[in-house]
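To start, the structure under review is shown below, and the notes come after it.
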Amino acid sequence: MKRELNSWYSPALQKEMPIVTYGDYGKAILFVPTAAADYLEYERFQMMETLAPYINSGKIKVFSINSINNESWLNKEIQGEHKAIRHNQFNDYVFNEVVPFIKNSTSHDTDIITCGASFGALHSMNLFLKRPDLINGVIAMSGVYNLSEYTDGFFDEQVYLNSPMHYIQNLEDHNVLEQIRKSTNVHILTGSGAYEDPNASKSFAGLLYSKGINYELDVWGEEWKHDWPTWRAMLPVYMETRF
């Protein structure tokens, strides 16, 4: 499998940000890490080995970036307002730096699908819903789509605007909604075992339904807990059958 490391000083985040790429061509999958993890997390937990047949065959080309959650929502040393500012800078980094990098590494017409597990699922969903003109779909695994679950009681306009469970129910912009509705790759996956919250996925799917947004909700059984073996089992199913 071709593996390539790149890095640049991010104007949005004011720091060096690495990115790792796997494969030569195919639909672009952009991995967003869990919690405070880094850009190599999915590799360390053998996800790339699991996806190797789809990467090597040219079905997908995978990109993985750093999380900055430990500088924003998981940072206990700063106020909530500053956490929100830092998170919005992360959004800008993805939209204005990572997306062009992916396009330059593939083609202008290549679809980009965000993908993440746990906290990464929320961010992946948020990135897609905020900019469906840039992001073409999402695979969200074991997510909770209410950002206030991570903000220690802090809630302001910026939390609202990055919390899909909050802003989607009030989204009325016809153009944005139509862009979201065009996607055939909105996948919400969850297990039902230990530390999973399938009701969070079901509630969010119901909200998408109320807005006429196409989605797929896939709830796996109680033997599937909130952990890497579950996510390594889920993703190949979707690579095989939906892409």
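Observations on the structure shown:
- Cα-projected label distance for S203 with A233, points at 7 Å along beta-carbon direction, nm: 2.6 nm
- Expressed to the nearest 5 percent, the antiparallel share of DSSP beta bridges inside the chain is 35 percent.
- Positive-end ranking of V237, P11, L207 along the dipole of the chain, with charges on Cβ about the Cα centre, is headed by V237.
- The GluC sites (Glu not before Pro) found in region 184-243 that occupy coil by DSSP, while having at most 13 further C-beta atoms within 10 Å, are E222, E223.
- Restricting region 42-95 to GluC sites (Glu not before Pro) in coil, as DSSP defines it, with at most 14 other Cβ within 10 Å: E77
- Listed values for region 83-89 are Karplus-derived 3J(HN,Hα) couplings in whole Hz (6.51 cos²θ - 1.76 cosθ + 1.60, θ = phi - 60°), namely 4, 5, 4, 5, 5, 5, 5, and x replaces Gly and Pro.
- Its Cα centre serving as origin, region 134-243 has a Cβ charge dipole (Lys and Arg +1, Asp and Glu -1) of approximately 380 debye.
- Rounded to the nearest 20, the Cβ-based charge dipole of region 3-183 about its Cα centre (Lys and Arg +1, Asp and Glu -1) stands at 420 debye.
- GNM flexibility winner over the chain from S124, S210, S163 (Cα, springs under 10 Å): S210
- Cα gyration tensor, the chain - rounded (a/c under 1.5), prolate or oblate: rounded
- Helix-derived mean residue ellipticity, 222 nm - over the chain, DSSP H n ≥ 4, -39500 (n - 2.57), to 500: -11000 deg cm²/dmol
- Residues in region 94-103 carry Karplus couplings, in order, of 5, 5, 9, 10, 5, 4, x, 4, 5, 4 Hz; the curve used is 6.51 cos²θ - 1.76 cosθ + 1.60 with θ = phi - 60°, and Gly or Pro positions show x.
- Among the trypsin sites (Lys or Arg not before Pro) in region 19-84, those located in a DSSP loop and surrounded by at most 15 other Cβ atoms within 10 Å of their own Cβ are K76.
Rule-based calculations on the coordinates, nothing more; no lab input. It should be emphasised that the depicted structure is a prediction, and the values quoted were computed from it without experimental measurement. Because the Cβ atoms are built from the backbone with ideal geometry, glycine has one as well, and the counts that use them run over all protein chains shown.
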